[in-house]
Each structure stands twice: as structure tokens, then as C-alpha cells.
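Readers should treat all values here as calculations from the given coordinates under stated rules, not as data from a laboratory. Every value quoted in this text rests on a predicted model; they were computed, and no experiment measured them. Cβ coordinates were reconstructed from backbone atoms using ideal geometry, including for glycine residues, and neighbour counts include every protein chain displayed.
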Amino acid sequence: MKPAIQLLILFFGLTIFTQEKPIQTISKNINGKVKVFGKNNTDLTYSVEFNFSGTGCKPSKKVPVTKVMPPNSEVELFDLIIKKNKKWKYSTTETFVIGDITAKPNKTFTYDLPYAKGDTYSVSQGYHGTFSHEGKYAIDFTMPEGTPLHTIRTGKVVKLKKDSNSGCPSKKCVKQANYIWIEHKDGTIAEYAHMQFNGTHLKVGDIVQKGDKIGLSGNTGFSQAPHLHLEIFVQTIDGKRKTIATKFKANGKVLKSLKKGEKYTNSI
């Protein structure tokens, strides 16, 4: 089979059979070169690690290749160097996470508290708490189930879960938590977790403004009692998180951290 025919089969095969994937690779013949592109088929930003395997060819760049891909974008990855007079084929595998793994948090930004103006709630676990916050900049606010939750910063809904009605005080229940992820302008993501069953009206892709009501608190997932878990983070390519210490407007002041056992009012 001639290389040109091989390329045609490979190109159309990828286009037809992987078009439903959020992330895919496609090949193009440009000026006599076979070029491989990554394609983001979603309305979200993804960070993607592309790996390669093949026979009779090799990539022009060292793999894996890692790219941050904006919504509905296409980025060039590498050329295929094809061995002369050899049959060739290749495939790629993609590891990807939501968001920009290279995001640089705006450390000067001051966040609102995640509940209505004038409301007051206490912190049951703060940064690096010993129950479930080891190594994390995360905060738990004690509040009754059904408490309205409000955004701490303007952003875009990039992930959510709302179909769970169960939880327990054990790590075995961690995946049962309902949550919303909201991505901010600087690429950081805020997670609001342990929400009620069907406790939000939002959907992925929605834009929310700071202070908007986004749902209701609950007691789902890894939880000892009704509360809201809040953390701001940037993902790594392996799906882990780098949580971020943040400043909050509370009690009429700007505070660098919120302390366990203290009460905080969402003041204007």
C-alpha cells in the first residue's frame, strides 16, 4: 500500500471513529508532510498529555507532548518522520484533565464567602486540618442541609455532580459527594462539595457571577455532618491537585486565613 493511501485511511478512520471523544488526534498532509494535531471537541479548557506508538515512523518531537488546549481548539503536536519504503502506522493515547495545569493564581485576589451576604457560619476544619485536610488549603463551613450557596468569584461551571443522596464519615464514601467546579479567569478552580441531592440548577458551561446562588449545601460523600467543603486548586496532569491559600472578605475585613472554631459573616 502506498503511503498516500495509508494516510487517507488513517485520517478518515480517526475522523469517523473518534469524533465523539472530548480529545482526539487527527492527521493532515500539509506541503508533503504528515502532521499530527490534537483537537479539543469541547467548550472547556483541557490540559492534555499526548503519547505515541508506531512502526515505520516516529514523531519529530520528544514524546509525550503536553498541551493546554482552549475550548474547541486544534493544536499542532508533531510531524511524522516516515522511514523510506517502509509500511507505517501509528496511534496515540491521551491523558487529560479539566483546566490549565500551567495556571498562575492571582495571589492578590480577595474572595467572598460562599454564602449569602449578612449570613454567619463557623469553620469546622481549616487549612491542613487533621480529619481530611492533610496537606490541603481547604475549608469546611458548618451549615444546615439546604443552606443556599453563593459563588466566591465569577467563573464558568466546568464539572458537577448532583445525583448522590448518600454519604458517610469514611473515605469509602468520597465518590458519593455532590459538587460543583467553577473555573476562574486566572485558571484556578473552586470546588463546592457535599451538596444536596439535585442541589443545583446549573449545568456545565454556565457562566456565574460572584455572589450568584449556585445551589444548596448538604451532607453527601465523605462527611461527618452537614457542611460545605471549599477549596481552590489547579490540577496536575495526573489528576492530583495543588490547593491554593486564598484571602477572604469576612467580618468586615480582608483575612489571610479562616480559623477552626471561628465564626465568619459575609459582609459587604
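Descriptive notes on the structure:
- Annotation: the chain has a Kirkwood hydrodynamic radius of 20.7 angstrom, from the mean reciprocal C-alpha pair distance.
- Counting only Cβ charges, +1 for Lys and Arg and -1 for Asp and Glu, the dipole size of the range 161-203 around its Cα centre is about 200 debye.
- In the range 116-231, one over the average inverse separation of all distinct C-alpha pairs is 14.1 Å, which is the Kirkwood hydrodynamic radius.
- Cβ-based charge dipole, the chain, positive-most Cα from I23, T108, F50: F50
- Cβ-placed point charges (K, R +1; D, E -1), dipole of the chain about Cα centre in debye, nearest 20: 1100
- Helix axis angle, 3-17 relative to the chain longest principal axis, alpha carbon, degrees: 30
- Net charge dipole size for the range 110-265 [Lys, Arg +1 and Asp, Glu -1 on Cβ; Debye, nearest 20]: 280
- 3J(HN,Hα) couplings calculated from phi for the range 35-52 with the Karplus curve 6.51 cos²θ - 1.76 cosθ + 1.60 (θ = phi - 60°) are, in sequence order, 10, 10, 10, x, 10, 9, 8, 10, 8, 10, 7, 10, 9, 10, 10, 9, 10, 9 Hz; Gly and Pro show x.
- Only one residue of S132, V234, N178 has its Cα farthest out toward the positive end of the dipole of the chain, where Lys and Arg carry +1 and Asp and Glu -1 on Cβ, and that residue is V234.
- Checked against a 18 Å cut-off, the cross-linked pairs K104/K242; K62/K84; K33/K58 give Cα-Cα distances beyond that limit for K62/K84.
- When each of the peptides 155-162, 257-264 is scored by how many other beta carbons lie within 10 Å of its residues on average, the order from highest to lowest is 155-162, 257-264.
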